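Written out below as structure tokens is the structure these notes cover.
Every number here is computed from the coordinates shown, using simple stated rules; none is lab data. A quick note: this is a predicted structure, and the numbers were derived from the prediction, not measured. Cβ placement follows ideal geometry from the backbone for every residue including glycine, while neighbour counts extend to all protein chains displayed.
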Amino acid sequence: MGGIVSYLFSFWNQEDTLDESTGLRLSQKRHIVSSWSIIEKDLKGNGVELFITLFTMYPETQNMFKRLKNKSVEELRKSAALRAHGLDFNRMLSAFVENLDDVECLVNLIQKVVLSHLPRKIGPDEYLVVAKVFHAFMKMKIGSLYTPAVQESWDIVFGVIHKISVDELKKYNKDQ
Ligand code: HEM
């Protein structure tokens, strides 16, 4: 009996192991992987919808995209530039999700994104915006499957991205 209890306990314990470097529990990683698997079925189309959500919620961000500024929603829906950018963005998110268990690689991927965005004056505040937009997009896209627990899991990921962007901005400003 004791054996079964300790087996069950170790199983439960394993289920919810905390990854200290990301702050994510195993169950939260699973929430991220399963919710993202729905979006991954159409990375390009979902990328377009995500950016239309961004430009609708925060219209000023559209001007940051040279090839997209001043386009109407109808034009954006037909824009090859937005399809390409949406795909770039979502492929990078897929890479983040694929590397939740290889934190060194995950951190490097995030640093690369953050560094490539700093010269465009995209920093910590903009990642907070993207997190809000992402939640709105996911609620719209997967509805009740985007439970508070799933949202909380993604919030941890965006928290890591934000933290890395704060750190990289400090280094960047020092080097200027
Ligand atoms: C998780 C957050 C983000 C990811 C994964 C991401 C990903 C990418 C990728 C893969 C590219 C293309 C490669 C490059 O030029 O670096 C890119 C370009 C770009 N991103 Fe982001 N990005 C993120 C956040 C943001 C935010 C918050 C903004 C602004 C609100 C932004 C604006 C841009 C712009 C303006 C470009 C250049 C587009 C072009 O002219 O082709 N990104 N992003």
Select from segment 29-65 the residues that are in contact with a helix residue (DSSP H, G or I) (Cβ under 7 Å, 6 or more places away or on another chain) and of a type in the set (Val, Ile, Thr) and list them in ascending order. Ile32, Val33, Ile38, Ile39, Val48, Ile52, Thr53, Thr61
Restricted to segment 143-161 and to residues being within 16 Å of the ligand (Cβ to nearest atom) and not polar (S, T, N, Q), the residue farthest from Gln28 (Cα to Cα) is Ile161
Look through Arg67, Arg83, Arg77 and report the one residue that is assigned to a loop (DSSP other than H, G, I, E, B), touching a residue at least 12 places away in the same chain (Cβ under 8 Å), over 23 Å from Asp167 (Cβ atoms) and of a type outside the set (Phe, Trp, Tyr). Arg67
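For the condition touching a residue at least 12 places away in the same chain (Cβ under 8 Å) and within 11 Å of the chain's Cα centre (by Cα), what is the one hit in Val113, Val150, Val160? Before the answer, list the steps.
Details: Val113 fails: within 11 Å of the chain's Cα centre (by Cα); Val150 fails: within 11 Å of the chain's Cα centre (by Cα).
Criteria check complete, one pass: Val160.
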Could you look through segment 50-64, keep only residues that are within 10 Å of the ligand (Cβ to nearest atom) and touching a residue at least 12 places away in the same chain (Cβ under 8 Å), and pick out the one that is farthest from Met140 (Cα to Cα)? Met64
